[in-house]
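Can you keep this structure in mind? I'll have questions shortly.
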Amino acid sequence: MTVTRAAVLVSTFAGMLSLLALIHMPAPAEAARPSHKQAMAICRSHYGKDITGVVIKKNGQIVCQEGPGAEASRKEVFEWCKRKFSATTVVVQKKGKRWHCLYYGRY
């Protein structure tokens with residue numbers, strides 16, 4: 001057997017093995033999605049205690065939401081913004097149903 005034939009045979013065998021592996025892998029829809037509680041635990045372990053919400057997308061991706069939360073008071077939002085961004089000036093505005101902060105941090 002020549003070197004060329006051996007290389008073709010090896011690459012064909014490797015291609016068949018990879019195709020076999022792809023056939024037996026679970027599809028993303030079949031993969032187990034974490035519960036809301038598990039996703040919160042994952043986010044808090046990765047980013048800390050400031051995580052207040054989590055969104056699990058259809059493809060299984062977890063999006064962590066940070067901040068004082070939708071039911072927070074103006075004072076809680078003010079304190080969180082000041083602590084989080086090391087802000088020297090904080091302005092808190094209510095937009096819709098939520099508080100938003102504008103800040104000037106330390107330069």
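Every number in this text was worked out from the coordinates using simple rules, so none of it is lab data. Since the model is a prediction, treat every value here as computed from it, not as a measurement. Cβ: placed from backbone, ideal geometry, glycine included. Neighbour counts: every protein chain shown.
With Cβ to Cβ distances under 15 Å as the rule, what net charge do the other residues near ALA39 carry (K, R +1; D, E -1)?
That works out to +4.
Could I ask something else about it? Using r as the Cβ-Cβ distance of TYR47 and ARG74, and R0 as 25 Å, what FRET efficiency do you calculate, to the nearest 0.05?
Approximately 0.55, to the nearest 0.05.
Could you rank the peptides 39-49, 76-86 by their average count of other C-beta atoms within 10 Å per residue, with the highest value first?
Peptide ranking by packing, descending: 76-86, 39-49.
Right, here's the next one. Calculate, for LYS37 and PHE85, the FRET efficiency according to 1/(1 + (r/R0)^6) with r their C-beta to C-beta distance and R0 22 Å; round to the nearest 0.05.
After rounding to 0.05, the efficiency reads 0.15.
Also, quick follow-up: For region 44-54, just list the computed ³J(HN,Hα) in residue order, Karplus coefficients 6.51, -1.76 and 1.60, θ = phi - 60°, integers in Hz, with x standing in for Gly and Pro.
Once rounded to whole Hz, the list reads 5, 5, 8, 10, x, 7, 6, 6, 10, x, 8.
With the cut-off at 20 Å, tell me which of the pairs LYS37/LYS95; LYS37/LYS57; LYS49/LYS84; LYS49/LYS82; LYS37/LYS58; LYS57/LYS97 have Cα atoms farther apart than that.
In this structure, LYS37/LYS95; LYS57/LYS97 lie more than 20 Å apart at Cα.
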